[in-house]
Structure formats: structure tokens, C-alpha cells
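All remarks here apply to the structure that follows.
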């Protein structure tokens, strides 16, 4: 009997050593076999986490890994050179690096569509605009950095000098909005070999540049001119009323000039729109406006 | 003669569009050759490229004026049009004001236009709109800025100023030395 017991105990011990391959989870884990990734949406057990953290986490990791391995074993396997090989499917999760290699590309893929604001020209390139905005921010930061350096050194230095103290003598530093042209010694003078004056006649198509500039000037968002809107509305109404009055050949209209007004008044026609109006005097002659 | 900086070019086009609106394009986009704006002693000149090339022969100091002087930049980068620009503003003007024959002389002496001097006015012009001033027989006399919108003009007192004087052809005599 002892022998049997011993054998059973030994077997039990061995069973204990190997944990079960089935894992119970409250919520199902998300699996992405292509990247060998498992995501566990379940909450931590607070008490366990507090009391014996390491063991708990190790157990949890084992369980989740077990789930992953189970899923791998469900894939079709084949034998290559004495080893069992599974073919992983295409990954469903896409890695987006937070920085470094291929980050810019991932960012681009993220913003594949941009909204055009209602007041903007529908043909504006919002992507270019975004890039420009970013470049401007970079330039601004660069100048601020330069200014900080200058301030730290306690030297009074014009901004133009700060700007031109990059490795490329400020050639690629963008202008700040509303930045004034430096008087006297400017960036141009600091660039060795740079000419101060531009040539009178340029190779670059000046005409196109000018037309672009004009376009940008003309496309400025017009402010809502309330006065103008009101005046236009008034004018429209007046024209409508006048048209209506003319279409109405009533007896009243025919009679009126005959019955009322003297001969003089009839002879002197009212000048629509052209006369000078004396505000004190009430005009009697002319068509009555309703 | 140098090219206008982007900043100044923008100021110029904004100023031009106040008077002639979208017709600014016509000044640049001309079928009869390339025309461009150039700066010389803070003045803006409108020159055809052909003339510009010829002017290359002269030095900065020798050169007085090339092409048509449009106006002058102040030290604070504000642009003021000269009467010489009228030649190009008048054909493209979108908003116009006609003065009565009795007021023509007054205007040419540099006075603002009161309502009594107003002969006609374009409909729907807003306040502070740049306008070209004409005599009643459609001869451009100068330009200015509306002090009242068209609708306000109709109800205004006879002596109120309707249009501020900016420039008139009398300046060819009065400001002969500073024009070009």
C-alpha cells in the first residue's frame, strides 16, 4: 500500500508542478498572433496586488502567456528539420512608434484626412498649411532658444544676429510673423558673400509670385459688413417695391396726379434718387413711397 | 531700382485692391508685355520690363524716375498713392464718385467733397471705400475715400463730407517737385 501511496503522491506532485493549460478569464483577452501580442483587459485583483505583488504578477503573466501559446498551437503546424513550425498570420495591430525611425510616416498615416474650415478657400492645401505651421513653430522656438542663450550670456544683441547664429547663418530660419526688417547691419550682411541687393531683373518668374500674392490678398476672409448688408437688403426691398408699384396700373394711380397737385406740380417731375433732400421740408411732390 | 520686398508688395496690392478690387490682376497679367513694380528711393514705380532693362544703364544716384510712380512708402511702411497712379486706377475703378461742375474747382484745390458737391455716386459703396473721382463729363479728377456709405449719403446733411480728398490732378502743379 505504501508503494501505491508513494506513487500516487509522486504523481500528484508532478501534476502540481505543471499548471493546467486552461485559463479562466472574466473578460476575453485580445490576441494578435502576427506580432505575438496579447492584451488583457481584465482588472487587477487589488488585494493580491498589494499583498504579494511579484507572485501575483508572475502568475498572471504565466496565465496570459499560456493563452497565447494555446492560440499558437491551434494554428496549422508543420515539421521542418525535426522542429515543429507554425505559420503566423498577418499582424492586425499596427505599431506606431512614439519617436525615432518611421515616426513621421506613421503620423502622416494617422492624419490622412483633414477638415477644410468653412471660411477657407476650398482649394487650400491643408496639409501644406499644417507643415507651414509646424515650420513656423520650429523657427520661433529656434529664435527663442537663441535669445535665451544671449540672455544667459548677458549681452545685448539684436534679434537678427541671434537669428543668424545658427550653423547655416540663419539661412533656413523663418521669419516671425510681424518681424521687422533689421536696420543697418542685418542678416544679409552677415552672410559671407551674400549680396545685399537683389538684381533688378530676376530669373524667377516674378509675375507668378505677384499673382500668388494678389490671390492671397484678394482671398482674405471678408469681414461681415453689417452696414453694407443692411444697405443691400434695403436696396433690394426698394427695387422690389418699385417694380410692384409699376405693375399695378390702378385707377388710383391714374387719378391721383389729376385730382391732386397743381399744374406746376405735375410739370415738375420728381427726381428719383438724384434730388437733394432737405430734411426739414416734407416733400409733397413725387410718387408716394409705401 | 529694386524689387519690392514681400511685405511691401503685399501692402501695395492691398492698397490697390481698395480702389480697383479684383482688377489688380490686370495690372500684372497684361497681354502687351510684362509689367512689374519696382522700388526706388521708397517710391513705387510701375514699369514695363523693356524700359526696366534700359534703365539698368544708370546708377542709383543718376536715376530720378522710371515708369509710372504709383506712390510713396512712409518710414513706417505705409503707402500713399500719388496722383500719377490715377492713369492706372481710373480705367479699373469699381466705385466712382462724380462731382458737380460747380464743385470741380474746389476739389482740384484739395478740398473734401461735401454732399452739395456730389453729382452721382456708385450704388452699394461702403464706408471708407476707395473711390475714383470724376467730373460730370467722365474726366477722372482724382481719388479719395468715402466718408459715408452710399445709403448714408442719401440721408446726410448737405454740408457733411461725403468723400475725403486724397489726391487730385491739381497736384501736378501744386506738388510738382515731390510727385515723381
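Since every read-out is calculated from the coordinates, none of them should be taken as a lab result. Bear in mind the structure is a predicted one, so any value in this text is a computation, not a measurement. Heads up, the Cβs are rebuilt from the backbone with ideal geometry, glycines too, and the neighbour counts pull from every protein chain shown.
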- Task: Arrange the following residues from fewest to most other Cβ atoms within 10 Å of their Cβ: A:93, B:161.
- Result: A:93, B:161
- Query: By its C-alpha gyration tensor, with a ≥ b ≥ c as the square roots of the eigenvalues, how is the stretch A:2-86 shaped: rounded for a/c under 1.5, else prolate for a/b larger than b/c, else oblate?
  - Reply: oblate
- Message: Below 8 Å between Cα atoms, with a sequence gap of 6+, how large is the relative contact order for chain B in percent?
- Response: 18
- Classify the stretch B:92-174: rounded, prolate or oblate, from the alpha-carbon gyration tensor (a ≥ b ≥ c, eigenvalue square roots; a/c under 1.5 rounded; otherwise prolate if a/b is larger than b/c)? prolate
- Query: Could you state the number of Å between the C-alpha centres of the stretch A:51-84 and the stretch A:101-129?
  - Reply: 42
- In which sequence would B:51, A:21 go, from the one with the fewest C-beta neighbours within 10 Å to the one with the most? A:21, B:51
- Where a ≥ b ≥ c are root eigenvalues of the Cα gyration tensor, a/c under 1.5 meaning rounded, otherwise prolate if a/b exceeds b/c and oblate otherwise, the stretch B:18-156 counts as prolate
- Task: Estimate the FRET efficiency between residue A:107 and residue B:26 by the formula 1/(1 + (r/R0)^6), using the beta-carbon distance for r and 45 Å for R0, to the nearest 0.05.
- Result: 0.55
- Any chance you could run the full-extension gain for residue A:168 through residue A:14? It's 0.36 nm times the residue separation minus the Cα-Cα distance, nm to one decimal. 48.3 nm
- Report the relative contact order of the stretch A:96-177, percent, no decimals, based on alpha-carbon pairs under 8 angstrom and at least 6 residues apart. 23
- Item | For A:47, A:235, B:8, order by how many other beta-carbon atoms lie within 10 Å, fewest first | A:47, A:235, B:8
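Can you work out the FRET efficiency for the pair residue A:229 and residue A:56, with r the C-beta to C-beta distance and R0 = 60 Å, to the nearest 0.05?
0.30
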- Message: What do you get for the angle between helix B:6-20 and the principal long axis of chain B? Use alpha-carbon atoms, 0 to 90 degrees, nearest ten.
- Response: 30
- Item | Rel. contact order, % - alpha carbon contacts under 8 angstrom, at least six apart, the stretch B:2-81 | 26
- Message: At R0 = 45 Å, how high is the FRET efficiency between residue A:3 and residue A:70 if r is their beta carbon distance? Nearest 0.05 is fine.
- Response: 0.80
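Stretched out fully, how many nm does the piece from residue A:220 to residue A:141 gain, at 0.36 nm a residue minus the Cα gap?
Details: separation 79, 0.36 × 79 = 28.44 nm, distance 2.77 nm.
Between residue A:220 and residue A:141, full extension yields an extra 25.7 nm.
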- So for the pair residue A:43, residue B:42, with labels modelled 7 Å out along Cα→Cβ, what separation do we get in nm? 7.5
